[in-house]
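S.K.: Starting off with a structure, shown below.
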Amino acid sequence: MNAKEKRVRILDLQDQYCRKCEYHMKPLKDCVQHCEAGRELSNLAQGMFEVNKGRIVKTLEQWDEICQEAATLYNQGVGFTIVAKKLGCHPSTLRDQLKKRGLWKGESQVKIQERSREKWDNFCQQALELRELGLSYQKIANRQGVAASSLRNEMSRRGLR
């Protein structure tokens, strides 16, 4: 089907279905998940426009399958970021979809931030002691396995510089 035929088909679909559809004023990604005409519109429009080129909108059924597979892999001990990469989606998007389905078993963002803060508190205390011994930020950062700029920023945040 050439571009002109695609445009005509898109207009026909919009005339026949979209005006009556409850999703017609919502984003295409919502329409695609709930409406067969929306899926056809999306398929027709793919490749015609440069916007979101390469991005694939997944249906609810596809997300259900992805989430089931993600939960299985996560329960087998595979790390969450690795699971997301294997399934071809961004970790935060996968986490949101798992939460919608009640399958999220990971830590909350608050706990992750709290653990990170504690880790940096420890790093900064060690760095302060090593600075008193005369070591440079670069050497301290290398010992701790972190970037020197991150160490400086975190120490500055805590008023330890």
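The values are calculated or read from the model by the stated rules, or taken from the named source; none is laboratory data. If you're wondering where the values come from, they're calculated on a predicted model, not measured in any experiment. Quick reminder, even Gly has a Cβ in these numbers, built from the backbone with ideal geometry, and neighbours come from all protein chains shown.
S.K.: Of everything in region 46-88 that's in a loop (DSSP other than H, G, I, E, B) and over 18 Å from VAL32 (Cα atoms), which residue is modelled with the highest pLDDT?
M.R.: So the first thing to find is which residues in region 46-88 are in a loop (DSSP other than H, G, I, E, B), and the list is 46-59, 76-79, 88.
This time we only want the ones that are over 18 Å from VAL32 (Cα atoms), so: 50, 76-79, 88.
Details: GLU50: 56, GLN76: 87, GLY77: 81, VAL78: 83, GLY79: 80, GLY88: 90.
Checked region 46-88; the qualifying residue modelled with the highest pLDDT is GLY88.
S.K.: If you don't mind, another one. For region 84-126, which positions are surrounded by 12 or more Cβ atoms within 10 Å (Cβ to Cβ), polar (S, T, N, Q) and within 16 Å of the chain's Cα centre (by Cα)?
M.R.: Within region 84-126, THR93, GLN97 qualify.
S.K.: Can you tell me how many residues within region 127-137 are part of a helix (DSSP H, G or I) and surrounded by fewer than 13 Cβ atoms within 10 Å (Cβ to Cβ)?
M.R.: Taking region 127-137 first, the residues part of a helix (DSSP H, G or I) are 127-132, 137.
Now drop any that are not surrounded by fewer than 13 Cβ atoms within 10 Å (Cβ to Cβ), which leaves 129, 132.
Matching residues across region 127-137 total 2.
S.K.: Report yes if CYS124 is assigned to a loop (DSSP other than H, G, I, E, B), more than 26 Å from GLU5 (Cα to Cα) and either in contact with a Ser or Thr (Cβ under 6 Å, 6 or more places away or on another chain) or at pLDDT 85 or above (or both), otherwise no. Don't jump to the end; show me each part of the working.
M.R.: Numbers: assigned to a loop (DSSP other than H, G, I, E, B): no; more than 26 Å from GLU5 (Cα to Cα): yes; either in contact with a Ser or Thr (Cβ under 6 Å, 6 or more places away or on another chain) or at pLDDT 85 or above (or both): yes.
No; evaluated as a whole, the condition is false for this residue.
For every residue, the table says whether it meets (1) surrounded by 11 or more Cβ atoms within 10 Å (Cβ to Cβ); (2) in contact with a Cys (Cβ under 8 Å, 6 or more places away or on another chain); (3) not in a helix (DSSP H, G or I).
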| position | (1), (2), (3) |
| --- | --- |
| MET1 | no, no, yes |
| GLU5 | no, no, no |
| ARG9 | yes, no, no |
| GLN14 | yes, no, no |
| TYR17 | yes, yes, no |
| GLU22 | no, no, yes |
| CYS31 | yes, yes, no |
| GLY38 | yes, yes, no |
| ASN43 | yes, no, no |
